[in-house]
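Notes for the one structure printed next.
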Amino acid sequence: MSVAQPIPAPAKVDNYLTHDRGFMSWAFTLDHKRIGLLYMGGVLTAFLLGGTFAVLIRTFLLTPHAWMFKDKVQAHLFYNNMFSLHGAVMVFMFIIPAVPAVLGNFVLPLMLGAKDVAFPRLNLLSLYCWFGGAIFFSYVLLGGVFHAAFGVQWPGGWGLDTGWTFYTPYSTNYASGTVPATLGAFILGFSSILTGVNFVATIHTLRARGMAWFRMPLFVWALYATSLIQILATPVLAITLLLITAERTLNVGIFDPHIGGDPVLFQHFFWFYSHPAVYIMILPAMGVISELISVHSRKHIFGYNFIALSSVALALLGFIVWGHHMFVSGQSNLANTIFSILTFSVAIPSAVKVFNWLGTLYKGSIRFTTPMLYAMGFILLFTIGGLTGLFLGALMVDIPLHDTYFVIAHFHYVAMGSMLFAFLGGMYHWFPKMFGKMYHERTGQIAAIIIFIGFNITFLPQFVAGTKGAPRRWAEYPEQYQKYHVMSTCGAYMMTTGLLIVAFNWLHGLMRGRPAPDNPWGGNSLEWHCPSPPPHDNFAVPPVADDPYNMGGWEYDKTIGGWVPRSHEISPSETAAAGRTRPVSH
Amino acid sequence: MSSASQTDLPLAAPHGDHAHGDHAHGDHDPHLAHHFDTPEQQMTSAKLGMWVFLGTEVLMFGGLFCAYSINRHNHPEVFAFAAESYLNVFWGTLNTLILISSSLTMAWGVRAAQLNQKRLLVVCLILTLLGAAGFMVIKSIEYTAKWDEHVWVGKWNQYNADYKGSEPEAPGPALNAPPTPVMTPAASPATPSDANAGQDVSMIKPRYGGPSGLAAPTAHPNESIRESSLNERVRVERYRSLSDSEQWHVSAFFSCYFLMTGLHGLHVLIGMGVITWLLIRAIKGEFSAEYFTPVDLVGLYWHLVDIIWIFLYPLLYLIH
């Protein structure tokens, strides 16, 4: 902690990192900040794992005929396992929990001016649910490794080759590893549900004085909308996965046509969750972007109400468009048409957000900090991802594009180009608050640019390959697609390099970074009103909230490299208008 | 910039007069967690959280209700046949009454807690627990009957294409009258082509020829039950009157039945656990008019368990 000149630093400032010591104080912590950090450890490990699978897939696909293996059966088994595990690990263990459980857990109570989430023990339980699910996935993964290496077959799994979607009847009748993988996803789902329950209760009951609904930071709105989806959609996935398990172990015949079930019913159930789930992925990311854009262009967010309500609109619309994943499943034409039309309505709130972000940037004093670079990357990539989504939502266009690389590219533009960029941007944005250290700015910027370029090299060619008909999930492919695959693979390596730089940058910042000021960016939401890193109880005095985007009350202080309240020449009433914490006497 | 004078945060704060830490409960309500300001706020949060959680429960059961509706819509005769033939309305009705009564005693218990009537609370909780136990006993009687009739879930269901025949008596034809040739020429066709030859609707069946195959139930399962009562005959007649494709789906009804009542039963068991926990705390006298949140929350949960049953009961037992 650096200190303004005249006042010597307090001998030992208590913060949440130093509040208690020892393994138990972390393993059984009820502090939302520590739980957020623990989640971060888990989620980043999952990302490393899923990323490794992705790089292996890209390497595998360098040539049309599986150059990595002599034995074709082995090659195909390997490939099927890699893309299934990549998908399942990334979706269930990384993308869905990343922003809500890491950034949300850490920042939400701070933004609300609360001491913790409403149910700290439930929060810890949700963390352990995550680890419980992770154990099941590890079982599947290790089962695959052991099967490949020693020919050992564990009960229930030698890897997972259903794809992350667990489509029936393949998953119920033939594939391996379905039972442990679905149980793992089931438990991870509970982690997600509990986080959602917790956040809803927290946002309803623990807002600081002065924080009306329409004075909440937009990240909070986004988390609220996300929580609604988590609560309403995830239970359906839970029962679906249970039914798959029951199908495999008891032959109940709900999905299995062999005993009279309906496999398309599975697709309906699955997408009833998994389409809203893509909003679980993207909504909190959008919330992060709203914060980043406003703070780093030093301008009040444009169209606050529209951004806030478009989050809720997206959450609700997300529930009525699942059928657009099933245009070729034998769904009736009427249903197809209705789902297609509804899908287009999703474009409205998405575009509302994009235009409002652009409106915020317009005439702002934009600083190209690392978080801002990610935010701008997000806007571009999300626009591409969103617009190509409309191609896929259009009935006639979807038929040829279905199950091609076009879908892969679209999904990665949204899930990776948007969600991952927002996660990285958010991590950089709140890094000083989390650890009380600054990262090295220039390195961060370079990494952001490398990742951005690498990302586009990876996935733009896949749009082209997809329109030329390259099918997804094929271990071997016609030679005419090789050039796109080679480009993709090069881009993937570039992205990997960029991500390694990010990892280095964070570690370096953690160990060697200069002490962070309390408010390094000049934001005015409540988390910038408490010290970096925050004390155990967040706020010494319950803060009073005002407009989180009115940043006029702060001025830059060169001596500490951060922003301090413009305390001297402004009258008390104006100070209040700038939304600063005031001590409350009672 | 920890110097709080600049951010208007009083320096003395972290462990000052306002200590909210874990250690400063002296003058507080012992049940008030450190991050809440007032007991009311805490109670509101807890109740909201519980309601939201109950919402997730409804959606989870919703998946099963949806599967039931679709199956039923596709094969109404099957559901009518299976429900009428195998479900015992008496036990179902009795269970409904028991569960509703236990909901009453639970609600009464919440009121007793609110009014500081500690002995009444204990009595109500015991009655609720007894109701729950009674429900489970009756459920297990019903499940046992299903097991004896070979209409359990999945491969333990004689109507299932994957039926394994858990008892020696199962391949009935040998023990009883020869199989009627209504639907199939033989209970165990030698080859698929034989099966094809004798069947009117051969498009889907041949895969399942053989004693445990789909064709088999038409021939044996009902006749295999030794004490062939009038009911049994009616059942066999009705079964034979179903079309081929409908005969496939009989086991789907039992899948729905067992999954729905099974998941519900699991909730009852969890409820019994939680009510026992409440009972222990109530006997210790931990609840009062000031602090009864857990009683309230468990009450909500118990009513949900009740209300799910109130939907399950007519869907499974009554409508045919």
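Just one of the numbered conditions (1) facing another protein chain (nearest Cβ under 10 Å); (2) touching a residue at least 12 places away in the same chain (Cβ under 8 Å) is not true of A:Gly253: (2).
I'd like to know if the range A:187-208 contains one or more residues that are assigned by TED's automatic domain parsing to the domain that holds A:His268, of a type in the set (Lys, Arg) and touching a Pro at 6+ places or on another chain (Cβ under 9 Å). No - not one qualifying residue is present in the range A:187-208. Listed by first and then second residue, the pairs linking a residue in the range A:522-543 that is within 11 Å of another protein chain (Cβ to nearest Cβ) and among the β-branched types (Val, Ile, Thr) to a residue that is assigned to a loop (DSSP other than H, G, I, E, B) and surrounded by fewer than 23 Cβ atoms within 10 Å (Cβ to Cβ), with Cβ atoms under 7 Å apart and 6 or more places separating them unless they lie on different chains, are A:Val541/A:Pro583; A:Val541/A:Val584; A:Val541/B:Pro10; A:Val541/B:His18.
Taken together, the criteria place B:Ala19 among residues that are part of a loop (DSSP other than H, G, I, E, B), modelled with pLDDT under 95 and of a type in the set (A, V, I, L, M, F, W, C). Checked against the criterion of being closer than 23 Å to B:Asp306 by Cα, in the same structural domain as B:Val268 (by TED's automatic domain parsing) and surrounded by fewer than 22 Cβ atoms within 10 Å (Cβ to Cβ), the candidates B:Leu129, B:Leu99 yield just one match: B:Leu129. In this entry, A:Phe431 is excluded by the filter for residues that are at pLDDT 95 or above, under 21 Å from A:Phe459 (Cβ atoms) and in a helix (DSSP H, G or I). Residue under question is A:Gly189, and the condition is that it be within 14 Å of chain B (Cβ to nearest Cβ) and either of a type outside the set (Val, Ile, Thr) or surrounded by fewer than 20 Cβ atoms within 10 Å (Cβ to Cβ) (or both); does it hold? So A:Gly189 passes the test. A residue that is more than 14 Å from chain B (Cβ to nearest Cβ), out of contact with any helix residue (DSSP H, G or I) (no Cβ under 8 Å at 6 or more places or on another chain) and outside any helix (DSSP H, G or I) cannot be found anywhere in the range A:125-147. Of note, A:Gly498 does not satisfy the criterion of being outside any helix (DSSP H, G or I), more than 18 Å from the chain's Cα centre (by Cα) and small (Gly, Ala, Ser). Of the helices (runs of 4 or more DSSP H) lying entirely inside the range B:225-320, the ones with 3 or more residues being crowded, with 17+ Cβ neighbours inside 10 Å and within 14 Å of chain A (Cβ to nearest Cβ) are found at B:244-248, B:250-283, B:293-313. Inspection of the range A:57-67 finds a residue satisfying the criterion of being free of Cβ contacts under 8 Å to residues at least 12 places away in the same chain and surrounded by fewer than 18 Cβ atoms within 10 Å (Cβ to Cβ). Filtering the range A:544-565 to residues that are in a strand (DSSP E or B) and aromatic (Phe, Trp, Tyr) leaves A:Trp554, A:Tyr556, A:Trp563. Scanning the range B:103-112 finds one or more residues that are free of Cβ contacts under 8 Å to residues at least 40 places away in the same chain, assigned to a helix (DSSP H, G or I), more than 12 Å from chain A (Cβ to nearest Cβ) and of a type in the set (Lys, Arg).
The values are calculated or read from the model by the stated rules, or taken from the named source; none is laboratory data. Because the structure is a prediction, the values reported are computed rather than measured. Here the Cβ is made from the backbone with ideal geometry for all residues, glycine too, and neighbour counts use every protein chain on show.
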